[in-house]
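The structure appears below as structure tokens.
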Amino acid sequence: MKKVIIYILVFVSNMCIPYALQSQDLNARVTVNADQIQLSDKSVFKELERSIFEFLNNRKWTTDKVNNDERLNCTFVFIIEQFTAPDYFKGSLQIQSTRPAYASSYNSVLLNLKDDKIEFKYNSFQAIEYNENSFTNNLSSILSYYTFIMLGLDYDSFGDNAGLSLLLRAQSIVSTAQSISEIGWQAFDLPANRNKYWLADNLTNSRFKEFHTAIYNYHRKGVDQMSKDLNAGRKEVLTSLEQMEKVFRLSNNLYMMSAFFQAKADEIILIFKDAEPQDKNKAVEILNKISVQNQNKWQTILQK
């Protein structure tokens, strides 16, 4: 069961404003930080924050009936670096989503990404429109895209390949954005192999189906079992890493793989820090192969 949250706080210029939520799919916390913008009247950023919050939390993103305690907890943090009045914004977006571990107060991070290439138009006091079958505007597409990515991974963590239909909806958004000029949607956009196009491509490619099975085993068979049997849960996490290694052999430069370990590195260290020596060694052996950028972190697993 997910933790019940009746109110979400939207941070607006150091003020906390509670909004009651309907029974939708998301518990999204939204922050628009415009500290870098020299402007006497910053009401446009407050309205942007409010509009994004309402767009995410007041919309039904799936066809499933979702109880209040089953909504996905996530955050969207926009850092506005450039603003050209009256409606053009440019900056970055940090997103994070979590899911609860069964029978505990622990929340496991599913996704923790920063998109440095965010630009969009927004008019104050206008609702953000969304049409799944056509491109409406870049802000709508960005929000919808990351929502479906997060929901897809969340569903994957509760059922083997259960999130595919949602991830395909994210890919559909990429397809509808191919004709626009904003960056991040085309295969050739920088950073190479690390943009919205490639994340959706990786997550919906049937060659990498075992990645989704690994997500399920890691969370449902692994993390969710640790409150009952720590060692058994840890063994399942190790099995999921072995499955990740199989995917790595198919392609060693997958954005979804680096995104997974960006979200999970600290948690994996905690899981194996007190494991049996053979499990520690096996885990570190695999991790050093498939997540080279975190090799220094993996060595801490072996420390006493």
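Let's see how each residue does on (1) hydrophobic (A, V, I, L, M, F, W, C); (2) assigned by TED's automatic domain parsing to the domain that holds V223; (3) within 23 Å of Q94 (Cα to Cα):
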| site | (1), (2), (3) |
| --- | --- |
| E245 | no, yes, no |
| N252 | no, yes, no |
| Y255 | no, yes, yes |
| K264 | no, yes, yes |
| I268 | yes, yes, yes |
| I271 | yes, yes, no |
| D274 | no, yes, no |
| D279 | no, yes, no |
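Please enumerate the residues belonging to the stretch 144-186 that are of a type in the set (A, V, I, L, M) and closer than 28 Å to V223 by Cβ.
I149, M150, L151, L153, A162, L164, L166, L167, L168, A170, listed by residue number.
Here is a list: G184, G152. Which entry is outside any helix (DSSP H, G or I), touching a residue at least 40 places away in the same chain (Cβ under 8 Å) and touching a helix residue (DSSP H, G or I) at 6+ places or on another chain (Cβ under 6 Å)? Spell out how you get there, then give the answer.
On the way: G152 fails: outside any helix (DSSP H, G or I).
Among G184, G152, only G184 is outside any helix (DSSP H, G or I), touching a residue at least 40 places away in the same chain (Cβ under 8 Å) and touching a helix residue (DSSP H, G or I) at 6+ places or on another chain (Cβ under 6 Å).
Determine if the stretch 249-262 includes at least one residue that is of a type in the set (G, A, S), over 20 Å from the mean Cα position of the chain (by Cα), at pLDDT 95 or above and buried (at least 16 other Cβ atoms within 10 Å of the Cβ). First the steps, then the outcome.
At the first step, the residues of the stretch 249-262 found to be of a type in the set (G, A, S) are 251, 258-259.
Within this subset, residues satisfying the condition of being over 20 Å from the mean Cα position of the chain (by Cα) are 251.
Imposing the further condition that a residue be at pLDDT 95 or above reduces the set to 251.
Adding the requirement that they be buried (at least 16 other Cβ atoms within 10 Å of the Cβ) leaves none.
No, every residue in the stretch 249-262 fails to be of a type in the set (G, A, S), over 20 Å from the mean Cα position of the chain (by Cα), at pLDDT 95 or above and buried (at least 16 other Cβ atoms within 10 Å of the Cβ).
Looking only at residues in the stretch 188-211 that are within 20 Å of the chain's Cα centre (by Cα) and assigned to a loop (DSSP other than H, G, I, E, B), which one is nearest to V237 (Cα to Cα)?
Ranking the candidates gives N205 first.
Does F45 count as under 30 Å from A162 (Cβ atoms) and either without any contact (Cβ under 8 Å) to a residue 24 or more places away in the chain or not β-branched (V, I, T) (or both)?
So F45 fails the test.
Name the single residue that is surrounded by the most Cβ atoms within 10 Å (Cβ to Cβ) among those in the stretch 155-181 being of a type in the set (G, A, S), more than 23 Å from F260 (Cα to Cα) and in contact (Cβ under 8 Å) with a residue 24 or more places away in the chain. Walk me through it before giving the result.
We begin by selecting, within the stretch 155-181, every residue of a type in the set (G, A, S); these are 157, 159, 162-163, 165, 170, 172, 175, 177, 179, 181.
Still in the running and more than 23 Å from F260 (Cα to Cα): 175, 177, 179, 181.
Remaining after also requiring in contact (Cβ under 8 Å) with a residue 24 or more places away in the chain: 177, 179.
Details: A177: 19, S179: 9.
Result: A177.
Looking at S140, S124, which one is outside any strand (DSSP E or B), over 13 Å from the mean Cα position of the chain (by Cα), among the polar types (S, T, N, Q) and surrounded by 16 or more Cβ atoms within 10 Å (Cβ to Cβ)? Steps first, answer last, please.
Values: S124 fails: surrounded by 16 or more Cβ atoms within 10 Å (Cβ to Cβ).
None of the others qualify; the one that does is S140.
Any chance the stretch 88-99 includes a residue that's outside any strand (DSSP E or B) and crowded, with 19+ Cβ neighbours inside 10 Å?
No, that holds for no residue.
Restricting the search to the stretch 175-228, which residues are touching a strand residue (DSSP E or B) at 6+ places or on another chain (Cβ under 9 Å) and of a type in the set (G, A, S)?
Scanning the stretch 175-228 gives a single hit, G184.
Any chance you could count how many residues in the stretch 75-104 are over 20 Å from N195 (Cα atoms), of a type outside the set (S, T, Y) and under 19 Å from the mean Cα position of the chain (by Cα)?
First, pick out the residues of the stretch 75-104 that are over 20 Å from N195 (Cα atoms): 82-88, 98-104.
Right, trim to of a type outside the set (S, T, Y) and you get 82-83, 85-87, 99-101, 103.
With the extra rule that they be under 19 Å from the mean Cα position of the chain (by Cα), the set shrinks to 99-101.
Count: 3.
Can you pull out every residue in the stretch 13-42 that is touching a strand residue (DSSP E or B) at 6+ places or on another chain (Cβ under 8 Å), exposed (fewer than 15 other Cβ atoms within 10 Å of the Cβ) and at pLDDT 50 or above?
Selection gives Q36, L39.
Yes or no: the stretch 227-248 includes at least one residue that is under 30 Å from E132 (Cβ atoms) and buried (at least 18 other Cβ atoms within 10 Å of the Cβ). Step through it out loud before you land on a result.
Just the residues of the stretch 227-248 that are under 30 Å from E132 (Cβ atoms), to begin with: 247.
Narrowing further to those that are buried (at least 18 other Cβ atoms within 10 Å of the Cβ): 247.
Checking the stretch 227-248: at least one residue is under 30 Å from E132 (Cβ atoms) and buried (at least 18 other Cβ atoms within 10 Å of the Cβ).
The values are calculated or read from the model by the stated rules, or taken from the named source; none is laboratory data. Here the structure is a predicted model, which means the values were calculated and not measured. We place every Cβ from the backbone using ideal geometry, glycine too, and count neighbours over all the protein chains shown.
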